[in-house]
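Chemist: Quick one: structure below, then a few questions.
What follows draws every value from the coordinates through simple rules; no lab data is involved. This structure is a prediction, so every number in the text was calculated from the model and none was measured. With ideal geometry, Cβ positions are generated from the backbone for all residues, glycine too; neighbour counts draw on all protein chains shown.
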Protein chains: 2
Amino acid sequence: MKRNSRLSSTLHILVHMAETQEHTLTSEQLAIFIHTNPVVVRRTIAGLRDAGIVTSSRGHGGGWQLGRAPEKISLAEISAALGETLLPFSTEPESPGCLVEQAVIAALDDFRVEAERLLAEKLSRITLADLAADFHRRYALIGVTSHAV
Amino acid sequence: MKRNSRLSSTLHILVHMAETQEHTLTSEQLAIFIHTNPVVVRRTIAGLRDAGIVTSSRGHGGGWQLGRAPEKISLAEISAALGETLLPFSTEPESPGCLVEQAVIAALDDFRVEAERLLAEKLSRITLADLAADFHRRYALIGVTSHAV
DNA sequence: GTTTCATGTAACTAAGTTAGTTACGAGTGG
DNA sequence: CCACTCGTAACTAACTTAGTTACATGAAAC
C-alpha cells in the first residue's frame, strides 16, 4: 500500500466484498487483495464500520461484510468515512493580523468550500454497485477475448 | 511554514509583491512575511520564475518582482507552477491484472480528470489582482473602524 | 578591481506522517 | 477449552518536507 492510495485500496477491498456478499471475508483475505497485512486493513476500514458501510464480527466464521447493498454506498460516503480530505492545501493563519494573509485565506477558503461541495456531489453519484458493474463488464470482455483468441 | 501551506504562503508573498510593484523585494524580506527563511522562499518560488510569474535579479538592488500585471496572474497558474496536485489521492496499479482494481482505477481516474478540470477552471478565474483588491477593502475597513472608535 | 549584496543550489538535519509489524487482549463458536 | 478473528496499542522503517548551513555565481557601488 503506497502513500495516499487509501481510497483506491479501500474501494478495491469493498468491491471484492460486494462480489462475495453471501459470506464474510477476514482481514487476512482482504489484506492479500491489496498486498498489505491484516492490521493495516482493520485500521484502514475501522472508520467504515463506524459509518455503517461495513460490519465486522469476531470469532469463528467472523470477518467483514458490507453493511448495506452496494447500490446504497457512494464513494462520497467512503471517502468521508476514511477521513480523507478532498483538497490537499491548508489555510491556517500564520500571521494573525496581517490583512494580506486574511485576504488570501478568505479567497482560498471560499474556493475550498465550493470545491469540496462540487467534488462530494460528484463522488456521491458513484456507488460501489457502479464499480462492481464495471468489473463485470471487464470480466465478460476478457471471457470473450479468451474465446476469440 | 506548515505542511501543505505552500499555496497560501506563496499567495501571501505574491500579494505583497503586487503591493510594491515599483521596487524589488529580497528573499529575506519575503521570508519575514511568511515566517520562514530566505532559502525556503527561493526554493518555493523558483518554479514561479520558470513560469514567468515572477522575475529575480541578483546583486545590489536585486530581489523579486512580479513578472506581469496582477490581473494577468491566476491562481491556477500559480498552483500549477508550484507543482501542487489539486487532488490528493493516487491511483497507481498495485495488483496488475486484477480486474477489480482496474475498475476502481478507471472510475477514480475519470473522476480525477473531471475534478481537476473543474478546479483548475475555478482557480483560473481568481487573479492576484482580486486578492489585492480584497486586501484593500479590508484595509479601508480597518481605517474606517479606527476613525469610528 | 574589490567590496557588498543578492540569488542559485547542494547537502545535511529535524520533524512529522504513515505503512508495516509485533504483541496481546477480548469476544465467539465448535 | 481451543481455535479463530477482530480491536488496539506500541514500536519501527521509510518517506516527505521545512529548515539550515555553506558556498558559488552574478551584479551594482565605490
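Chemist: How far apart, in nm, are two points set 7 Å out from the Cα along the Cα-to-Cβ line at residue B:95 and at residue A:84?
Modeler: Between residue B:95 and residue A:84, the label points sit 1.6 nm apart.
Chemist: To one decimal in nm, how far is residue B:109 from the same spot in the other copies, if labels go 7 Å from Cα toward Cβ? Please give the shortest first.
Modeler: Spacings between copies for this position, smallest first, are 3.8 nm.
Chemist: Something else: Relative to the longest principal axis of the C-alpha atoms of chain A, give the angle of the C-alpha long axis of helix A:6-19, reported between 0 and 90° and rounded to the nearest 10°.
Modeler: So the helix axis and the longest Cα principal axis differ by about 30 degrees.
Chemist: Using the basic label-point model (7 angstrom from Cα toward the beta carbon), what is the residue B:69 to residue A:65 distance in nanometres?
Modeler: A separation of 6.7 nm, rounded to one decimal place.
Chemist: Once you have the Cα-Cα distance between residue A:109 and residue A:57, take 0.36 nm times their residue separation minus that, and quote the gain in nm to one decimal.
Modeler: Extending this stretch completely gives an extra 14.6 nm.
Chemist: Quick one: check the C-alpha center-to-center distance for the range A:21-56 versus the range B:1-51, whole angstrom.
Modeler: 44
Chemist: What does the copy distance list look like for residue B:28, label position 7 Å along Cα→Cβ, in nm and ordered from shortest?
Modeler: Label point to label point, same position, other copies: 6.5 nm.
Chemist: Along Cα→Cβ at 7 Å, what distances in nm separate the residue A:58 label point from those on the other copies, shortest first?
Modeler: 6.6
Chemist: Same structure again: Ordered by residue, what ³J(HN,Hα) values in Hz, to whole numbers, does the range B:101-113 give under the Karplus form 6.51 cos²θ - 1.76 cosθ + 1.60, where θ = phi - 60° and Gly and Pro are x?
Modeler: For the range B:101-113, the Karplus-derived couplings read 4, 4, 5, 4, 5, 4, 5, 5, 5, 4, 4, 5, 4 Hz, x marking Gly and Pro.
Chemist: Let me ask something else about it. List every residue whose amide H lies under 5 Å from the amide H of residue A:67, counting only residues 5 or more places away in sequence or on a different chain, with H placed 1.01 Å from N in the peptide plane.
Modeler: Close amide H contacts, sequence-distant or interchain: A:54, A:55.
Chemist: Return the chain B residue and its Cβ-to-axis distance, rounded to the nearest Å, for the rotation relating B to A.
Modeler: Residue with the nearest Cβ, plus whole-Å distance, for chain B: B:88, 2.
Chemist: On a 0 to 90 degree scale, rounded to 10, what angle separates helix A:38-50 from the longest Cα axis of chain A?
Modeler: Compared with the principal axis, the helix lies near 70 degrees.
Chemist: Then there's this: Taking every pair of Cα atoms in chain B, average 1/r, invert it to obtain the Kirkwood radius, and report Rg/Rh to two decimals.
Modeler: The Rg/Rh ratio comes out at 1.11.
Chemist: With each run of n ≥ 4 DSSP H residues scored as -39500 (n - 2.57), what mean residue ellipticity at 222 nm is computed for chain A after dividing by its residue count and rounding to the nearest 500 deg cm²/dmol?
Modeler: -19500 deg cm²/dmol
Chemist: So how far apart, in nm, are the two label points at residue A:136 and residue B:116 if each is 7 Å from Cα heading toward Cβ?
Modeler: 3.2
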